[in-house]
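Structure first, then comments.
The values are calculated or read from the model by the stated rules, or taken from the named source; none is laboratory data. Just so we're clear, the structure is a prediction, and the values are computed from it rather than from any experiment. In this analysis, Cβ positions are derived from the backbone assuming ideal geometry, glycine residues included, and neighbour counts consider all displayed protein chains. For accessibility, only protein heavy atoms count, side chains too; no ligands or nucleic acids. Shrake-Rupley method; radii C 1.70, N 1.55, O 1.52, S 1.80 Å.
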Amino acid sequence: NSEPENIRKAYGYTSLGQCALLARRLVEAGCRFIGIDHGSWDTHFTCFPSLENDLIPHADAAFSALVTDLELRGLLDSTLVVMMGERGELRESQRSVVFAGGGVRPGRVIGATDAQAAAPVSTPVGGEDILKTLLTQMGIDTEKIYHTPLGRPVPIVNGGKIIDDLI
């Protein structure tokens, strides 16, 4: 309630919008990592109406309000904002991730698919590449290897490369 009405409205009066607003407040308070989990994307029966009317508008409002708010407060350059989801039923080429702030180049589209979005036609990027880029931007040594109690080596990132076009 301590936020002005126009700020709360910009984020949206949804659980996702208000969680994004809380994330901005946590950034201001010095929190170093914030995750927002938003369910309800399992839309087997009413996929396109649900996406068009409910899910995408709320996600778009929350993400754009967060990025804009961080920029206006001078926090975007030091805050990496990433929006992605687990869409296990889709092909790898149909998944997308949005990065903002935190040292990434704005306005970039990396990669492309064929007309059916069935296969990458340029710059394929995998999960390990995304993870390596994200952790590197956070200042985490992606070459570090931890060992289980039995001595088995477990790398932080299993392969991958930094997405140079993004940085």
Does Ala65 satisfy the condition of being touching a residue at least 12 places away in the same chain (Cβ under 8 Å), at positive phi and open to solvent by less than 50 Å² (accessible area, probe 1.4 Å)? no
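Could you name every one of the strands (runs of 3 or more DSSP E) located completely within region 98-167 that has at least 3 residues being open to solvent by less than 50 Å² (accessible area, probe 1.4 Å)? If you could, list the steps in order and put the result at the bottom.
Details: elements: 98-101, 120-122, 145-147, 153-155.
By residue number, 98-101.
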Taking Leu75 as meeting all but one of (1) under 19 Å from the mean Cα position of the chain (by Cα); (2) open to solvent by 60 Å² or more (accessible area, probe 1.4 Å); (3) farther than 21 Å from Leu131 by Cβ; (4) among the hydrophobic types (A, V, I, L, M, F, W, C), write down the number of the exception. (2)
Flagged pairs (Cβ under 7 angstrom, 6 or more apart or on separate chains; first in region 153-167, free of Cβ contacts under 8 Å to residues at least 40 places away in the same chain; second in a loop (DSSP other than H, G, I, E, B) and not β-branched (Val, Ile, Thr)) are Ile156/Lys144; Gly160/Gly126
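On the given criteria, is Ser64 within 21 Å of Gln137 (Cα to Cα) and either in a helix (DSSP H, G or I) or at pLDDT 95 or above (or both)? Can you show your working first?
Numbers: within 21 Å of Gln137 (Cα to Cα): yes; either in a helix (DSSP H, G or I) or at pLDDT 95 or above (or both): yes.
Considered against the rule, which asks whether it is within 21 Å of Gln137 (Cα to Cα) and either in a helix (DSSP H, G or I) or at pLDDT 95 or above (or both), Ser64 comes out as yes.
Does region 34-48 include one or more residues that are part of a helix (DSSP H, G or I), closer than 30 Å to Asp114 by Cα and either more than 18 Å from the chain's Cα centre (by Cα) or polar (S, T, N, Q) (or both)? Show your work before the answer.
If we filter region 34-48 for residues that are part of a helix (DSSP H, G or I), which is where we start, we get 47-48.
Then drop every residue that is not closer than 30 Å to Asp114 by Cα, which leaves 47-48.
Of the ones still in play, those that are also either more than 18 Å from the chain's Cα centre (by Cα) or polar (S, T, N, Q) (or both) are 47-48.
Looking for residues that are part of a helix (DSSP H, G or I), closer than 30 Å to Asp114 by Cα and either more than 18 Å from the chain's Cα centre (by Cα) or polar (S, T, N, Q) (or both), one finds at least one in region 34-48, hence yes.
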